[in-house]
Amino acid sequence: MSLRTKWIEILYNVATGSRKIRNFFTPIGAFFYALLIFSFVVIALQVDRLLGRTVIFPSPFHIILSLPIFLLALFLMGWSVLNFIRAKGTPVPFNPPPQLVTTGPYAYVRNPMLTGVFALLFGFGVLLGSACLLVVFTPLFIFINVWELKAIEEPELLKRLGEDYIEYRKRTPMFFPGFGIIFKRRK
């Protein structure tokens, strides 16, 4: 059994296990993910400093430009969390809702929480004037998350949710809705 297969099995067992186990692993998973995000920001700022990069947006433009990005990110993240809580789960893969969530932002994209996190990182890049965060570390973070979703989370979702997830995946984009989806859903 490969490491990938073992990790999928562990995730599946925790996600379908007792509430006590899921509740134990949820804050641990959230903490490590937040630590990963924080690490990317700190490392990008250090690389900027080592390369002698200066702030790319003069004051107060960095605040003016980053504010709508932060608002969008926080809105998406909050709306996503609210929909998962309503479905008796969390966005942390260890404690998902027992059924597929296709309401709210999940009607438009499969991973709106991550879309919000990506926007948050991009917003920090603008606010902090970090060229490395904008053009290297945020794209790297996105790449790592896409890889993890494809290799671990989506196979676990397929195992746990079956045909419902297959159909949802076919009709719903991963991160960014097309205009057709936005207008089609509103009808």
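Scanning region 52-90 for residues that are among the basic types (Lys, Arg) and within 30 Å of Ala15 (Cα to Cα) yields Arg86, Lys88.
Can you tell me which residues in region 86-99 are in contact (Cβ under 8 Å) with a residue 60 or more places away in the chain and out of contact with any Phe, Trp or Tyr (no Cβ under 6 Å at 6 or more places or on another chain)? Step through it out loud before you land on a result.
Looking only at region 86-99, we keep the residues that are in contact (Cβ under 8 Å) with a residue 60 or more places away in the chain, and these are 90, 92-96, 99.
Passing the criteria: Val92, Pro93, Asn95, Pro96, Gln99.
Taken over region 23-32, the criterion of being open to solvent by less than 60 Å² (accessible area, probe 1.4 Å) and among the polar types (S, T, N, Q) is satisfied by Thr26 alone. Looking across region 37-56, the residues that are touching a residue at least 60 places away in the same chain (Cβ under 8 Å) and either in a helix (DSSP H, G or I) or in contact with a Lys or Arg (Cβ under 6 Å, 6 or more places away or on another chain) (or both) come down to Ile37, Phe40, Val41, Ile43, Ala44, Leu45, Val47, Asp48, Leu51. Scanning region 33-67 for residues that are under 19 Å from Gly116 (Cα atoms), modelled with pLDDT of 95 or more and open to solvent by 80 Å² or more (accessible area, probe 1.4 Å) yields a total of 2.
For region 100-126, the set of residues classified as without any contact (Cβ under 8 Å) to a residue 40 or more places away in the chain and over 11 Å from the mean Cα position of the chain (by Cα) consists of Val101, Thr103, Gly104, Pro105, listed by residue number. Of all residues in region 6-22, those being closer than 17 Å to Gly162 by Cα and surrounded by fewer than 16 Cβ atoms within 10 Å (Cβ to Cβ) number 3. Quick one: is Phe118 open to solvent by 20 Å² or more (accessible area, probe 1.4 Å) and within 24 Å of Pro27 (Cα to Cα)? It is false that Phe118 is open to solvent by 20 Å² or more (accessible area, probe 1.4 Å) and within 24 Å of Pro27 (Cα to Cα).
Can we say Gly129 is crowded, with 18+ Cβ neighbours inside 10 Å, at positive phi, touching a residue at least 24 places away in the same chain (Cβ under 8 Å) and touching a helix residue (DSSP H, G or I) at 6+ places or on another chain (Cβ under 9 Å)? Reasoning before the result, please.
On the way: crowded, with 18+ Cβ neighbours inside 10 Å: yes; at positive phi: yes; touching a residue at least 24 places away in the same chain (Cβ under 8 Å): yes; touching a helix residue (DSSP H, G or I) at 6+ places or on another chain (Cβ under 9 Å): yes.
Taking the combined requirement at face value, the residue satisfies it.
A Cβ distance below 8 Å, combined with a sequence gap of six or more or placement on separate chains, defines the contacts here; from region 1-12, residues that are under 12 Å from Glu148 (Cα atoms) reach residues that are exposed (fewer than 14 other Cβ atoms within 10 Å of the Cβ) and not polar (S, T, N, Q) in the pairs Arg4/Ala151.
For region 155-182, a tally of residues being closer than 23 Å to Leu36 by Cα, surrounded by fewer than 17 Cβ atoms within 10 Å (Cβ to Cβ) and of a type outside the set (Phe, Trp, Tyr) returns 1.
What do you reckon, is Phe124 touching a Leu at 6+ places or on another chain (Cβ under 7 Å), more than 21 Å from Thr16 (Cβ to Cβ) and open to solvent by less than 50 Å² (accessible area, probe 1.4 Å)? Against the criterion (touching a Leu at 6+ places or on another chain (Cβ under 7 Å), more than 21 Å from Thr16 (Cβ to Cβ) and open to solvent by less than 50 Å² (accessible area, probe 1.4 Å)), Phe124 does not qualify.
The values are calculated or read from the model by the stated rules, or taken from the named source; none is laboratory data. Please read all numbers here as calculations on a predicted model, not as lab measurements. FYI the Cβ positions are ideal-geometry reconstructions off the backbone, even for glycines, and counts take in every protein chain you see. Quick note on the areas: whole protein, heavy atoms, side chains included, nothing else; ligands and nucleic acids left out. Shrake-Rupley method; radii C 1.70, N 1.55, O 1.52, S 1.80 Å.
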